[in-house]
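Below: one structure, written as structure tokens.
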Amino acid sequence: MNDMQFLTWVRGAGLDIAVSIFLLGVLWRLIEIYSLGRKKDLAAPRQVSGASGWHTIFRRSVPPEGMMKKSPVSYIGGYTFHIGLAIVVFLFAPHILLIKNLTGLSWPGLPSQFIDLAAVVTMAAMVIVLADRINKPVKRYLSTFGDWFTWTLTFLPVLTGWMAVQHLLLPYTTMLALHILSVELLLVFLPFTKLFHAFTVFGSRWYNGTVNGHKGVAV
Amino acid sequence: MSASLEKGVRVLKEVIDAPIASYFNSCVHCGLCAEACLFYTETGDPKYTPIHKLEPLRRLYEQEYTLVGRLAKLVGLSKPVTDDELEEWKELVYNSCTLCGRCSVVCPVGNDIVYMVRKFREGMSASGHAPEGIIGAVNRTVTIGSPMGVKLPAVKAQMKHVEEDYGLPIPLDAEGAEYMVMLSSMEIINFPEYLAAIAKIMHQAGKTWTLCSTAFEATNAGMQIGNSDLARVLVTRIVDGAEKLKVKTVISPECGHAYTALRWEGANLIGRPFTFKVQHIIEVLGEFQEQGLLKTEGFETDRLTFHDPCQLARRGGVIKQQRNLMNMVAKNFVEMPDAGFMNWCCGGGGGASAIEEGEELRLEAFKKKKSQLDTVKPDRLVTACANCRIVLEEGLEHYQMDIPVVGLTEMIAEHIPDQTTEKGA
Amino acid sequence: MQGSLIETLARQGVTRRSFMKYCATLASMMALPPAAGRAMAEAMAAAPAANKRPSVIWLPFQECTGCTESITRSHSPSIEGLIFDAISLDYQETLMAAAGHQAEEALHAAMKDNDGKYLLIVDGSIPLGLDGAYSCIAGKSNLETLKEVAKGAAAIVAMGSCAAYGGIPKANPNPTGAVSVSDVIKDKPIINIPGCPPIPVVMTGVLAHFLTFGSLPEMDGKGRPKAFYGETIHDRCYRRPFYDQGKFAKTFDDEGARNGWCLFELGCKGPVTYNACATVKWNGGTSWPVESGHGCLGCSEPDFWDGGGFYKALSMPADPLKFASAAAAVGAVAGVAMSFANRGKKSAAKSGHETTTLADLEK
């Protein structure tokens, strides 16, 4: 298989398979998790404005008092690579075109030099976050194969995409095909790893905020 | 003697719900929960990471309620939870967790870890893996009526002393009273001034109140061991007493988990909403203050700070009232760092103070409280939970810190002008 | 500079100076040092006089003759065509005067006289289907002819995408079983000059290199001369700033198109295509596809016909997604099935609940 055929495959059959497994996995897992349900809380609620599940969905993105000092790498590194990923994925013109083709939605993008910068910053943040996971006792203690695997799954698309644009290591066509393949792998494994937090974080924050909001505590 | 792993697993299967499923699937192993837990911060041992305390529950959830997990268990890729494992986890789930809830408010993906620990204790207790000390407390609460073994005669004796010393009547089983007051064992035995304080406050506010002979104990050891069946037994006593006496509001005393058990878990334990209100004594005082029913004179002049009990503030939603009350009677009230919602636990809640073998760990964790106090350097420490008081006193003694601990309700009552303290008046 | 070539050029109105300039340009285009330009000029000028013009045999196979058309198209009189004065084109079906048996005799004579030394140029793919019956010349299949003539060749130039990679005949479903030269011949140096058709000057550059140095120029992983195929169209495209700014034409006729914006959305394959069109351009530097408002087809890349559509942007799926909705439905069903299993298990646990008494706290 030459590089053009490889590229055509990942743009064609590969994408079909990956998106299919992704959709199948997401729906299955969401229903599997949330269908367990929750018993109604019969205690008399305490109404306090600002204390609710919806509030927590947004508020929990801000570190609580005193926590930033305790682990600045977790927060700053985390923010940086999440926002960086969002910028690279959603504001790069060729990506917007793909989304437009798949969903019909589109929006203006950023010039590719900004995306380039965002990609580099994202990768740097991810490397720092990885180093922190190796160095900090708690993170190291908690880490399993899944943590290293999902880091790699997330890092490779940024790396290969950036390398393709920069014409590094392999010819563009091959690098582009590898980039698309790495994204497809990410899609395939997302619903079955901790990456699924991309979907469940909303439910978790909502439940937490609701249970505490019932008591009038704004979390 | 019929606890078994099978029972424990069955109970856990019962209590696992969508929130727990969502939480386990959201955890990204960031370790921030450890940074919020005083048992980790003061020991540096990563095994005290809150989410790690739930590891057997997580595996059980996956093996029972996810397709991938079920298959993994079938082919042997996921090991079933064993008795030995639960025994190993006893220390993590009980000694090193006071259900303080700090982990739940810092988790970036929103995991309510304390909610999960509470549920995990259901399985631990049903499978015979609860610590000896708490089992003893539960035993005494259920059979005798209080975790410290206090019976009605002892209560009546205290009532008599208070009536004699302060000239205020202490009603017992008065039907139709507005408030039914409960006590915790600690108060009955160690802090009898509390009962006197209640009498003074109610008298000034002109409210009717009563103790209940069948439900004078507020402490819910069933909640601490984490067993809903036993917690229900204890709550039912209170509900029956309150409904029999037809009171409007039941007051939970200065005790942390008593409030949580009755106010927030109670209705769910008995399966129907209450027909009466439940308030913490601090809530009641706060209300009286707002309504002008609480009048004080004079001020404490020494440097005071306040320790927010976890179950009252962060877990109970009563945060502002205690500050308003402090300011009412203290000229020199200073807040310790992280005061209020983010306060650090005394280290003895959730049944931990009943676990003898956990004392060393508790005292090490107390370094966090010590550091808060070292920063603010108070003359005295005020709080609103009898268990916190005991634990704080123990810790302060261990570290040779000369800081007396005072109960807020008592302190307030001391500033109520004496109108009826003459005997026989 | 002496030689009959110079005299021929002078007669055609091409000065010696122009000829030198041409050779220097050719050399620099191929990233060769300045001295190479002079060497090229001397080699080409001397060749006719020494009567040692290298023999070149041009075999046309399953092709459209576009490559021949391209190479013979030149606007500035004779400059590209002049290469033919520096070589002895002993066999070229479109250009030679002879036909039939005479043409075949010319071929075999050239092969015999220059055995081991002639340059073989091939355009068109080689069909393997039906034992090669899809394309026969003088009663022999192209496959047989190629093998025969390749035996005595010093080197082979696969001219055009068909010869280099199979080209249009190889496009799905490839009914004739078309393959490239390098699929058939394994034991000779082969240089690919892909393009549909290739740019004329690339052809001449390669021949000039061969004439001057007696070897083929440096090639990339796909056997193409790096000098002309070393960069992608995208990296040399004059509309690149528009790509970087996200300014794309959305139809061939909208304001963006009129403003000369990037044609990526209209399917331009510039980013994955290696060729010299963006710098050298066509028709003596007149224009090239993108400049004329149409996206690059990727014609110098293998299998460009099957690359998912000329008007489909590279960032778009090559084919519409076939399984997505079905997969989503299957996922939902799996989730619902699990939820029934889960809830069943939970309520079984609930109904099997044994109320814990004090005795049950110990084992």
> Which one is farthest from the chain's Cα centre (by Cα) among residues in the range A:1-36 that are free of Cβ contacts under 8 Å to residues at least 12 places away in the same chain, within 24 Å of C:Tyr165 (Cα to Cα) and within 7 Å of another protein chain (Cβ to nearest Cβ)?
Replying inline: A:Asn2
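For B:Lys246, indicate whether it is away from chain A (no Cβ under 14 Å) and within 16 Å of B:Tyr179 (Cβ to Cβ). If you could, list the steps in order and put the result at the bottom.
Values: away from chain A (no Cβ under 14 Å): yes; within 16 Å of B:Tyr179 (Cβ to Cβ): yes.
Judged against the criteria, B:Lys246 is a match.
Can we say A:Phe189 is over 16 Å from A:Pro157 (Cα atoms), assigned to a helix (DSSP H, G or I) and either of a type outside the set (Lys, Arg) or within 25 Å of the chain's Cα centre (by Cα) (or both)?
Details: over 16 Å from A:Pro157 (Cα atoms): no; assigned to a helix (DSSP H, G or I): yes; either of a type outside the set (Lys, Arg) or within 25 Å of the chain's Cα centre (by Cα) (or both): yes.
Considered against the rule, which asks whether it is over 16 Å from A:Pro157 (Cα atoms), assigned to a helix (DSSP H, G or I) and either of a type outside the set (Lys, Arg) or within 25 Å of the chain's Cα centre (by Cα) (or both), A:Phe189 comes out as no.
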> When you go through (1) buried (at least 22 other Cβ atoms within 10 Å of the Cβ); (2) farther than 25 Å from A:Val73 by Cβ one by one for B:Leu86, which number turns out not to apply?
Replying inline: (1)
> Residues of the range C:143-166 being in a helix (DSSP H, G or I) and either charged (D, E, K, R) or surrounded by fewer than 24 Cβ atoms within 10 Å (Cβ to Cβ) (or both), which ones?
Replying inline: C:Leu143, C:Glu144, C:Thr145, C:Leu146, C:Lys147, C:Glu148, C:Val149, C:Ala150
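C:Gly309 - would you say it is out of contact with any Lys or Arg (no Cβ under 9 Å at 6 or more places or on another chain) and either at pLDDT 85 or above or surrounded by fewer than 18 Cβ atoms within 10 Å (Cβ to Cβ) (or both)? So that I can check it myself, show each step before the final result.
Numbers: out of contact with any Lys or Arg (no Cβ under 9 Å at 6 or more places or on another chain): yes; either at pLDDT 85 or above or surrounded by fewer than 18 Cβ atoms within 10 Å (Cβ to Cβ) (or both): yes.
The answer is yes for C:Gly309.
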> In this structure, does B:Gly123 turn out to be within 17 Å of the chain's Cα centre (by Cα), assigned to a helix (DSSP H, G or I) and not hydrophobic (A, V, I, L, M, F, W, C)?
Replying inline: no
> Do you know which residues across the range C:33-52 are of a type outside the set (A, V, I, L, M) and at pLDDT below 75?
Replying inline: C:Pro48, C:Asn51, C:Lys52
> So which residues in the range B:200-212 are over 18 Å from B:Ala258 (Cβ atoms) and part of a loop (DSSP other than H, G, I, E, B), if there are any at all?
Replying inline: B:Gly206, B:Lys207, B:Thr208
> Only one of these conditions is not met by C:Gln102: (1) part of a strand (DSSP E or B); (2) without any contact (Cβ under 8 Å) to a residue 12 or more places away in the chain. Which number is it?
Replying inline: (1)
> How many residues does the range B:267-281 contain that are farther than 20 Å from B:Ala384 by Cβ and assigned to a helix (DSSP H, G or I)?
Replying inline: 4
> Got a number for residues in the range B:210-229 being touching a residue at least 40 places away in the same chain (Cβ under 8 Å) and more than 16 Å from the chain's Cα centre (by Cα)?
Replying inline: 4
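To keep it simple, each residue is scored yes or no on (1) of a type in the set (D, E, K, R); (2) crowded, with 18+ Cβ neighbours inside 10 Å; (3) touching a residue at least 24 places away in the same chain (Cβ under 8 Å).
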| site | (1), (2), (3) |
| --- | --- |
| C:Asp253 | yes, no, no |
| C:Ala257 | no, no, yes |
| C:Trp261 | no, yes, no |
| C:Phe264 | no, yes, yes |
| C:Val280 | no, yes, yes |
| C:Pro289 | no, yes, no |
| C:Gly295 | no, yes, yes |
| C:Asp303 | yes, yes, yes |
>> Criterion first (β-branched (Val, Ile, Thr), closer than 30 Å to B:Gly317 by Cβ and away from every other protein chain (no Cβ under 13 Å)) does B:Val117 satisfy it?
In response: yes
>> Looking only at residues that are under 12 Å from B:Ile113 (Cα atoms) and small (Gly, Ala, Ser) in the range B:22-38, which one is nearest to the chain's Cα centre (by Cα)?
In response: B:Ala36
>> If I ask for residues that are buried (at least 24 other Cβ atoms within 10 Å of the Cβ) and of a type in the set (D, E, K, R), which ones from the range B:308-345 would you list?
In response: B:Asp308, B:Arg314, B:Arg315
> List pairs: first in the range B:33-62 and among the acidic types (Asp, Glu), second assigned to a helix (DSSP H, G or I) and surrounded by fewer than 23 Cβ atoms within 10 Å (Cβ to Cβ), Cβ under 6 Å, 6+ apart or cross-chain?
Replying inline: B:Glu35/A:Lys70; B:Glu42/B:Glu364; B:Glu42/B:Lys367; B:Glu42/B:Lys368; B:Glu62/B:Gly69
>> Of all residues being in a helix (DSSP H, G or I) and among the aliphatic types (A, V, I, L, M) in the range C:189-207, which is farthest from C:Gly270 (Cα to Cα)? Just the residue, please.
In response: C:Leu207
>> Looking at (1) part of a helix (DSSP H, G or I); (2) within 13 Å of chain A (Cβ to nearest Cβ), which one does C:Cys299 not meet, given that it meets all the others?
In response: (1)
>> Out of everything in the range A:2-57 that is in a loop (DSSP other than H, G, I, E, B) and among the basic types (Lys, Arg), what residue ends up being surrounded by the most Cβ atoms within 10 Å (Cβ to Cβ)?
In response: A:Arg46
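For B:Asp374, are the conditions met, namely being over 27 Å from B:Ile225 (Cβ atoms), in contact with an Asp or Glu (Cβ under 7 Å, 6 or more places away or on another chain) and more than 14 Å from chain A (Cβ to nearest Cβ)? Working first, answer last.
Details: over 27 Å from B:Ile225 (Cβ atoms): yes; in contact with an Asp or Glu (Cβ under 7 Å, 6 or more places away or on another chain): no; more than 14 Å from chain A (Cβ to nearest Cβ): yes.
No.
The values are calculated or read from the model by the stated rules, or taken from the named source; none is laboratory data. These numbers come from a predicted model, not from an experiment. All Cβ positions, glycine included, derive from the backbone under ideal geometry; neighbour counts span all protein chains shown.
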